Amino acid sequence: MAELDSPQQHPKLYKPTGDLVILANDGEATTAFRVHTVILAEHSPVFAGMLALPVVDDDAMEKYDDVPLVRLADSAQDLAALLEVFYTPAHPQFKASDRDFAEHVYPLAMIAAKYQVDSLCRAVAEHLKSQWPTTLEQLLKDTRTVPSHLPRGRMNLAFPEPAAAIRLATDLNVPEILPMAYYVLATYPFDKATRTQPWNFRRPRWHLLHEDECLRAYRGKLELMEENLNMELSYQLDDGDCNHMAPGNYIPGSLPCGRVVEGIKANRTHADFSGISAATKSFARLDPLGSAAQAYRDGVVRSLCFACKAKMKAKFEVKVKELWQGLPDIFSLPQAFASSDS
Ligand SMILES: [Zn+2]
């Protein structure tokens, strides 16, 4: 009792009616929390177990402010975040728009996992899953995946920063989001030349990933190069059922649709594959899934006749599906991480 350093009582979490004091450190500073054992036990089986240990000799027990005292090795800041959740009737309202959710919530999620606060872990997992498509249906419904306003290869601008999401999903065991998070990570340019990127371009937080995870992303990107080429080669159309001159078509074009698609392909492949620097750029901006989803949504371009548009939509629907289902393989995600979506 006497040799206690002088702890700072937490402004909100030092409850006068509490029957237990917890001390935790952040560097030099020690914080005292005064809390209710019933509330700890209610939320956490780990705390419940700790508190159920028989007290051999009540007098020998260390006390502070006349109630029993325990010291925990957790950081006071993390512990405060966790205890705050215990004393808040509803779980913290995670913001859907918070692009840094995964990074913000990580310490709280880890201490919640340590103390087996399952409802909080579930809330974090659910929120994380709401930020990333986990099924093909969600992927296609998600306007972020098929953005009409984003230039090609800018999938990374439409989603939260993926490295923090991978860290959280891996450590909290939320494997469902990993295929898409790795994919979005792979659509970032991997070099350091970010000067030509748009103002809101941000580099992924590579430092949050382990070496094998970085490698997985890089190898996946190499795999995507082939997928990307295959995708670009899908821009072709035979004129069999073309009725672009038929009255009542959306835009009766003067060119048969096959020629229109040919022009699009020439444009895309010219931009993507002419010259070393263009090829490098194309590698940096690989986004076959985004391109396929966009082609599927639009039936490539509006000016195709209905029959050809339907044909192209069907073709790119298959592409999107193949790519989506291939993601766990492309990123060599362990079997347990494979998406259950069929
Ligand atoms: Zn046509």
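Side notes on the structure shown:
- The condition of being in contact with a Gly (Cβ under 8 Å, 6 or more places away or on another chain) and either in the same structural domain as Asp98 (by TED's automatic domain parsing) or within 18 Å of Ala96 (Cα to Cα) (or both) holds for Thr145.
- Test: residue in segment 254-262 that is at pLDDT 85 or above, among the basic types (Lys, Arg) and within 16 Å of the ligand (Cβ to nearest atom): yes
- Segment 282-325, residues that are among the aliphatic types (A, V, I, L, M), surrounded by fewer than 23 Cβ atoms within 10 Å (Cβ to Cβ) and away from the ligand (no atom under 16 Å from the Cβ): Ala284, Val318
- Within segment 222-244, residues that are more than 13 Å from the ligand (Cβ to nearest atom) have Cβ atoms under 6 Å from residues that are β-branched (Val, Ile, Thr) in these pairs: Glu223/Ile330; Glu232/Thr269; Tyr235/Val261; Tyr235/Ile264, counting only partners at least 6 apart in sequence or on another chain.
The values are calculated or read from the model by the stated rules, or taken from the named source; none is laboratory data. All of these numbers come straight from a predicted model, not from anything done at the bench. So basically every Cβ, Gly included, is an ideal-geometry build from the backbone, and we count neighbours across all protein chains shown.
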